[in-house]
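Enquirer: The structure is given below, and queries will be raised subsequently.
Any read-out appearing in this document is the output of simple, stated calculations on the displayed coordinates, not a laboratory observation. Computed from a prediction, not measured in an experiment: that's the story for all the values here. Please note: Cβ atoms are built from the backbone with ideal geometry, for glycine as well, and neighbour counts cover all protein chains shown.
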Amino acid sequence: MTNDNEIKPSEGKAWKNAEKTEAWHGDYKGTFVMPDGTKHFLDVYVNKKPDGGVWFKLKVGKPKMSSSGAGSAAPVFAAAPQPQPKAVVPDNDDDIPF
């Protein structure tokens, strides 16, 4: 199998799924690298059209964990601070009581 580090962003690689035991398992499996560099599981399904042609369904799955098994491969972004609402002070300069 090829090293996942050789895959460029926005590309993926897949190999024949030798471990397929259920019909819903992908015919091929591999890795897809998102534009931000995170690696995701990739499943490829081979389907046939009524006229005999072949088409492929691709499914990009959850992010892969790092090789050490700790933490997520997805980048972590700090949440932007939410603006605080300004206090509304009623204008009581009117002589009218309503």
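Enquirer: Among the candidates V54, V33, which residue alone is β-branched (V, I, T) and exposed (fewer than 12 other Cβ atoms within 10 Å of the Cβ)?
Expert: Step by step, each of V54, V33 is checked, and only V54 is β-branched (V, I, T) and exposed (fewer than 12 other Cβ atoms within 10 Å of the Cβ).
Enquirer: Would you point out the residue of region 17-63, among those that are among the aliphatic types (A, V, I, L, M) and either assigned to a strand (DSSP E or B) or in contact with a strand residue (DSSP E or B) (Cβ under 6 Å, 6 or more places away or on another chain) (or both), that is farthest from I7 (Cα to Cα)?
Expert: Selected residue: V54.
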